[in-house]
Amino acid sequence: MDNFDNYNASEKAEATELQRMIAIEQQKAQFQAQVHTFTDVCWDKCVDSPGSKLDYRTETCLQSCVERFIDTTLAITNRFTQMVQKGAH
C-alpha cells in the first residue's frame, strides 16, 4: 500500500494523509473496543445490583479491576513488542 511510484507529488501527499487518517481511526476503534471489553468484564465482576449510585465497595472494585486490566494489557503489549523486536534482529 506504500507503493506510490505512479503518483504525482500531490497524489502521494493525499494518499499519505489518507493512510494517516485511517491509522488514527483504527487506533480509536481499538481503544473503544478495549474500553468496551473492560467495562463488560469489570461490570460483571463488581456490580451485584445496579442502583442510583455506586457504593464504596463497588467503586473500589471497579477502579481496581480497570487498573489491573490496563496494567495487564500494557504488560502483554510490551512483551509482544519485545518479541517482535527480537525476531526482527
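The values are calculated or read from the model by the stated rules, or taken from the named source; none is laboratory data. Keep in mind that what you see is a predicted model, and the values were worked out from it rather than measured. All Cβ positions, even for glycine, are placed from backbone atoms using ideal geometry, and neighbour counts span all protein chains on display. Only protein heavy atoms, including side chains, enter the accessible area calculation; ligands, DNA and RNA are left aside. Shrake-Rupley method; radii C 1.70, N 1.55, O 1.52, S 1.80 Å.
Taken together, the criteria place Ser64 among residues that are open to solvent by less than 60 Å² (accessible area, probe 1.4 Å) and among the hydroxyl-bearing types (Ser, Thr, Tyr). Taken over segment 51-68, the residue count meeting the criterion of being of a type in the set (Gly, Ala, Ser) and within 18 Å of Val35 (Cβ to Cβ) is 1. From the list Asp44, Asp71, Asp48, the one residue that fits, being more than 21 Å from Gln32 (Cβ to Cβ) and not small (Gly, Ala, Ser), is Asp48. The number of residues in segment 25-50 that are under 18 Å from Ser64 (Cα atoms), surrounded by 10 or more Cβ atoms within 10 Å (Cβ to Cβ) and not aromatic (Phe, Trp, Tyr) comes to 11. When segment 6-21 is limited to residues that are open to solvent by 70 Å² or more (accessible area, probe 1.4 Å) and among the aliphatic types (A, V, I, L, M), the one that is farthest from Val66 (Cα to Cα) turns out to be Ala9.
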